[in-house]
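The values are calculated or read from the model by the stated rules, or taken from the named source; none is laboratory data. This structure is a prediction, so every number in the text was calculated from the model and none was measured. All Cβ positions, even for glycine, are placed from backbone atoms using ideal geometry, and neighbour counts span all protein chains on display. Note: accessible area is taken over every heavy atom of the protein model, side chains too, but ligands, DNA and RNA are not part of it. Shrake-Rupley method; radii C 1.70, N 1.55, O 1.52, S 1.80 Å.
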Amino acid sequence: MEALLQFAPMQSSVDEGFWHRLSSLKLNKLGIDDSPIPLFGFYAPCSHSQVSNHLTVLAESLPSELSEASLIPEPSRGNRNRCSVPGILYNTNTVESFHALDKSDLLKKEAAKIWDDILTGKAVEDCSVLSTFLVISFADLKKWTFNYWFAFPALMLDPPATVVNLKPASQWFSAAEAESLSAACNEWRSSKSKTDVPFFLVTIDPNSRATVRLLKDWEACQSNAHKILFGFYDPCHLPNNPGWPLRNFLALISARWNLNSVQFFCYRENRGFADMRLSLVGEALITVPQGWKDTVPSAVGWELNKGRKAPRCISLAQSMDPTRLAISAADLNLKLMRWRALPSLNLNALSSMKCLLLGAGTLGCQVARMLMAWGVRKITLVDNGRVAMSNPLRQSLYTLDDCLNGGEFKATAAVESLKRIFPAVEAEGIVMAIPMPGHPVQSQEQDSVLDDCKRLCDLIDAHDSVFLLTDTRESRWLPTLLCANTNKITVTAALGFDSFLVMRHGAGPLSADMPVNNANGKHRLGCYFCNDVVAPTDSTSNRTLDQQCTVTRPGLAPIASALAVELLVGILHHPQGIFAEGDINNSVTGATEQPLGILPHQIRGSLSQFSQMTLIGYSSSSCTACSHTVVSEYRNQGMEFILQAINYPTFLEDVTGLTELMKSATSLSLDWDKEIDEEEDCVEIQ
């Protein structure tokens, strides 16, 4: 029984990369040129009984910026899942122009091209032109929204074709024919030169042997003893309707070979192999009036949007905003680490970590960049200095412009540089001095200094980790005390001429009965001041020029800065965190258990020897910064304690007992000298 032959419309799918490439092409090459752009789309035979395949456009569907936009991009060949078909894109400059396009006229023009390819024989040589498609679009690059509409021009037969005996191929063929055809199709699909040829001929000889041939072999297929079917890759999954590509295929068959009865084969697959139960075979009956080739048939093909003739709109604001793209690109290396090398990498812990950098000089600049590379997004820099002409070569966040007109404040210039490097960083610059012991303040300056102390205290409270990166020893004292009091992760980096020290401070004394040990009962690791027997004093006065500047070998700061950040990452990924014991580089126990390797306490390096060693130093009960005595006095007296430490050089030594210790040492030295003097056999060397 005859029935009107109805086709399942082709559906489009646009990969996000297509819009990325179009945006880049528009911004960097095309400008206001709205000339048609040739492109390619891809589709494949249906491969699932419940889902149709779509025609897909990808980034590679468009010309690259390096090629001429008018040149047709060369599609990849030999991919069984990508049968390439040509298309044309009309991208307008305004949304008004997009809506004003004469869609009927555009469709007629593309249909006329297809009809011309049929009459000239081009469609036989390159059958992909039968599935030519059309896209109109408008790209709003301010809002990152894209209006678009696909058309799949299909020539209409008048009167329409009818179909008889449409059924699954497994029912249409004998078992032997179906088996042979499956094998022939699988062989065709395995051939690199033919796998993406979407239209073909099928012949079956009297011995039930099937052969798949190119359309140009039509003449060679003529034999009364052979069955001939016209096959095509059918993207549709529907059991009672062939896919859209058959429409222009029937027009070609009728116009080229004057056939009125056409047996067609809708080729479909299951898991990459021919599926005769899913594939369809039917007979189309075509009746055309005399002279119909003289005019271009009418065409249809604009894709429906939810059942209506309307364009589609997609917003890619989140993914195509440069800042978001920068975030995605910046995190790529870290995410790839998690694939194999470091599955336990905690990106959330890194991205949420609030880091306070005290010092925005050579070390501060390097540490800030290393933190961003590890995924840290919240960085605060504290410094009261200005950028000098000598800084940009060694301090990587500054340029000559930052030195002009007296120099920008380092803290603010560094933040601006970080945001230029990575717009998504949440960076803040604080211009302030750090109060230091050994630098007495006048009474009129006292309130200002106390404000700085309170501000520093608030900053440390508001951050999760603190880096001590200042030039002088005494400038590290107050932050060390405040970090010990609040039990903050603290990392120090200090430079000599050709040597460096990088260390993590141990946990602070948490209660009165644990002045030395930590909460786990282990000996507490020391801070930067724990090995000192004198309090920090003024090291900035009466210094020569080379002593006023941080004179170091240029390669030292990047090494020390990288190690400082690696220490922080190691602490964050250690199960004991700030309480983790110190490892040394020849440790056997525990080191291999951590995904990032050992977690040392101190790293000392020498460029002159090209050497590096890991050391452990435990907390001192007489430490002027982190001892139980000092932290307790600070908790009891507050800012008054800090003022006394600033104004009186021996105050900290008196509080911690270092004064008595030094007196005892001096007394022992004097007694020893006296005994030496009384030795009768002492010989004086002239």
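Tabulated values for the structure
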{"item": "Furthest towards positive pole of dipole, Met436, Ser561, Met372, structure part the chain, Cβ charges", "result": "Met372"}
{"item": "Estimated inter-spin distance, Leu141 and Ile584, nm [label 7 Å along Cα→Cβ]", "result": "6.1 nm"}
{"item": "Accessible area, probe 1.4 Å, largest first, for residues Ile578, Ile584", "result": "Ile584, Ile578"}
{"item": "Gain on full stretching of the segment that runs from Lys354 to Glu660 - 0.36 nm per residue minus C-alpha separation", "result": "106.1 nm"}
{"item": "Nearest-0.05 FRET efficiency for Ser23 and Met613, computed from C-beta distance (R0 60 Å)", "result": "0.70"}
{"item": "Net charge of Cβ neighbours under 10 Å - reference Thr552; Lys, Arg +1; Asp, Glu -1", "result": "+1"}
{"item": "For segment 162-303, convex hull of alpha carbons as volume per residue, Å³", "result": "131 Å³"}
{"item": "Dipole of the chain, positive direction: furthest Cα of Ser608, Met337, Val382, with charges on the beta-carbon", "result": "Met337"}
{"item": "Surface accessible to a 1.4 Å probe, Lys378 within the full protein complex, Å²", "result": "60 Å²"}
{"item": "Length added when fully stretched, Asn405-Asn186, from 0.36 nm per residue minus Cα-Cα", "result": "71.3 nm"}
{"item": "Order of exposure, largest accessible area first, which applies to His237, His601, His48 with probe 1.4 Å", "result": "His48, His237, His601"}
{"item": "Lys, Arg +1 and Asp, Glu -1 on Cβ, resulting dipole of the chain about Cα centre, debye, nearest 20", "result": "4060 debye"}
{"item": "Label-point separation, Ser223 to Gln171 (7 Å along Cα→Cβ), nm", "result": "3.0 nm"}
{"item": "Debye, to nearest 20: dipole size of segment 162-303, +1 on Lys, Arg Cβ, -1 on Asp, Glu Cβ", "result": "100 debye"}
{"item": "Accessible area of Met370 in the full protein assembly, 1.4 Å probe (Å², nearest 10)", "result": "70 Å²"}
{"item": "Residue-wise HN-Hα coupling along segment 452-466, computed from phi with Karplus coefficients 6.51, -1.76, 1.60 (Hz; x: Gly, Pro)", "result": "5, 4, 5, 5, 5, 4, 5, 5, 5, 4, 7, 10, 8, 9, 10"}
{"item": "Helix-only CD estimate at 222 nm, as mean residue ellipticity for the chain, using -39500 (n - 2.57) per DSSP H run (n ≥ 4)", "result": "-9500 deg cm²/dmol"}
{"item": "Set Lys143/Lys306; Lys454/Lys488; Lys194/Lys309; Lys354/Lys454; Lys192/Lys306; Lys142/Lys335 screened for pairs whose C-alpha atoms are more than 27 Å apart", "result": "Lys194/Lys309; Lys192/Lys306; Lys142/Lys335"}
{"item": "Surface accessible to a 1.4 Å probe, Leu615 within the full protein complex, Å²", "result": "60 Å²"}
{"item": "Stretch gain in nm, segment Thr162-Leu119, where the contour uses 0.36 nm per residue and the Cα spacing is subtracted", "result": "13.2 nm"}
{"item": "C-alpha long axis of helix 658-677 to longest principal axis of the chain, angle in °", "result": "50 degrees"}
{"item": "Helix axis angle, 362-373 relative to the chain longest principal axis, alpha carbon, degrees", "result": "30 degrees"}
{"item": "21 Å tail of the calculated P(r), segment 1-143, as % of Cα pairs", "result": "50 percent"}
{"item": "Where Lys122, Lys29, Lys108 fall by accessible area, highest first, once all protein chains stay in place (1.4 Å)", "result": "Lys108, Lys122, Lys29"}
{"item": "Separation in nanometres of the label points that stand 7 Å from Cα toward Cβ, at Asn93 and Asp461", "result": "5.9 nm"}
{"item": "Alpha carbon convex hull of the chain, projected area averaged over orientations, nm²", "result": "48.1 nm²"}
{"item": "Cα-based helix-to-principal-axis angle, 103-120 vs the chain, degrees rounded to 10", "result": "60 degrees"}
